[in-house]
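Peer 1: Mind looking over this structure? Questions follow.
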Amino acid sequence: MLRENFNDLMYLVVVAQERSFTRAAAKLGVSQSALSHAIRGLEESLNLRLLTRTTLSVAPTEAGECLIKNIAPLFSEIESELVSVTDTQGEIAGNIRITAGEHALMSTLWPLTKPFLQRYKAVNIEFSVDNTLTDIVSGCFDAGVRLGEQVEEKDMVALRIGPDWNTCVVATPYDLQNHNCINMRLPTRGGLYSWEFMRDNKEIRVRVEGQLIFNTLAARIDAALSDMGIYYYVPQDSVDEHIASGRPV
């Protein structure tokens, strides 16, 4: 019933406010006969008389007054919301959800985000740190930040936002088998990551052993700096400061 009578209810409010079908019809942009027909149809559907009509004026009945008192504020709220939406057109505002890897967030995305948020105060951003290949659609994310080599889907739209990364390890591949190495648990398949090297354009994969296994970057770096083992597959820019200071030996 509400959908069918929505316009009629609005017509009723305007007629009651104007106390005249003629003035109400002009304000609503409809003919006086169409307005009168709509109000009569609303009264018939509710089986109530809502307006008292005389040759000089129109006034709500007791039932009509009660109905108008309750619904008039709702129409005012709707109108205010429509005005608010119109006023904010062109303004950059809203909520953004982004999934990103740990290092990508801190080294690239976060430095870009800070000046953006300072400029656009009506924008809210939620970051989800996750090193797995999260499904952006099912996870209700607006964007995901990953290594370029992980962007494989043909229907994905990718945009570079940072430079290439280098990874580093201070040891030779063959010596690693005799050292206490800090391993990384792969987020996608759950296995341990095999350390990858290139020699004479040929790939070398080394499976290392050690006491510690992590799935976060910061923990692997801290463990290495605490002399708990050799670490690998960390972006070089995340350890440049430590290497320059001579802490890793």
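Peer 1: How high is the relative contact order of the chain, in percent, counting Cα pairs under 8 Å that sit 6 or more residues apart? Show your work: numbers first, answer last.
Peer 2: Numbers: 274 pairs, mean separation 32.5, N = 249.
For the chain, the relative contact order is 13 percent.
Peer 1: From Cα pairs below 8 angstrom and at least 6 apart in sequence, can you work out the relative contact order of the range 130-228, rounded to a whole percent?
Peer 2: 24 percent
Peer 1: What FRET efficiency, computed as 1/(1 + (r/R0)^6) with R0 = 35 Å and r the Cβ-Cβ distance, is obtained for ILE243 and LEU117, rounded to the nearest 0.05?
Peer 2: Working: r = 32 Å, r/R0 = 0.91.
Approximately 0.65, to the nearest 0.05.
Peer 1: I'm a student and want to see the number: the projected area of the Cα convex hull of the chain, averaged over all directions, in nm².
Peer 2: For the chain, averaging the hull's shadow over all directions gives 22.9 nm².
Peer 1: Turning to a different aspect of this structure: Test of understanding: in a Gaussian network model of the chain with alpha carbons linked when under 10 Å, which of TYR11, TYR174, TYR232 would top the mean-square fluctuation ranking?
Peer 2: Looking only at TYR11, TYR174, TYR232, the biggest GNM fluctuation is shown by TYR11.
Peer 1: Something else about it: Calculate, for the range 7-123, the solvent-accessible area per residue in square angstrom, rolling a 1.4 angstrom probe over the heavy atoms of the protein chains.
Peer 2: 63 Å²
Peer 1: Heavy-atom accessible area per residue, the range 200-249, 1.4 Å probe: how many Å²?
Peer 2: Heavy-atom SASA per residue in the range 200-249 reads 67 Å².
Peer 1: I'd like the antiparallel share, as a percent to the nearest 5, of DSSP beta bridges with both residues in the chain. Don't skip to the answer; put the middle values down first.
Peer 2: On the way: 10 of 24 bridges.
Bridges in the chain that DSSP calls antiparallel: roughly 40 percent.
Peer 1: Step by step: find N for the range 1-81, compute 2.2 N^0.38 Å, then divide the Cα radius of gyration by it. What's the final number?
Peer 2: 1.01
Peer 1: Viscosity 1.306 mPa s, temperature 10 °C: Stokes-Einstein D of the range 128-249 from its Kirkwood Cα radius, in µm² per second? Before the final figure, lay out each step's value.
Peer 2: Details: Rh = 16.3 Å.
The estimated diffusion coefficient comes to 98 µm²/s.
Peer 1: Starting from 0.36 nm per residue, how many nanometres of slack lie between ASN124 and SER226 once their C-alpha separation is accounted for?
Peer 2: Separation in residues times 0.36 nm, less the Cα-Cα distance, equals 33.0 nm.
Peer 1: Work out how much length THR167 to ASN95 would gain on full extension: take 0.36 nm times their residue separation and subtract the Cα-Cα distance, in nm to one decimal.
Peer 2: Separation in residues times 0.36 nm, less the Cα-Cα distance, equals 22.5 nm.
Peer 1: If you take the charge dipole of the range 100-223 about its Cα centre, with +1 on Lys and Arg Cβ and -1 on Asp and Glu Cβ, which of SER194, GLN211, TYR120 is farthest toward its positive end?
Peer 2: Of the candidates, TYR120 comes out farthest on the positive side.
Peer 1: Right, another one. Rounded to a whole number, what % of the accessible area of the chain do carbon and sulfur atoms account for, probe 1.4 Å? Don't skip to the end; give the middle numbers.
Peer 2: Details: 8860 of 17080 Å².
The C+S portion of the solvent-accessible surface of the chain is 52 percent.
The values are calculated or read from the model by the stated rules, or taken from the named source; none is laboratory data. None of these values were measured; they are calculated from a predicted model. No Cβ is skipped: glycine too gets one built from the backbone with ideal geometry, and neighbour counts run over all protein chains shown. Note: accessible area is taken over every heavy atom of the protein model, side chains too, but ligands, DNA and RNA are not part of it. Shrake-Rupley method; radii C 1.70, N 1.55, O 1.52, S 1.80 Å.
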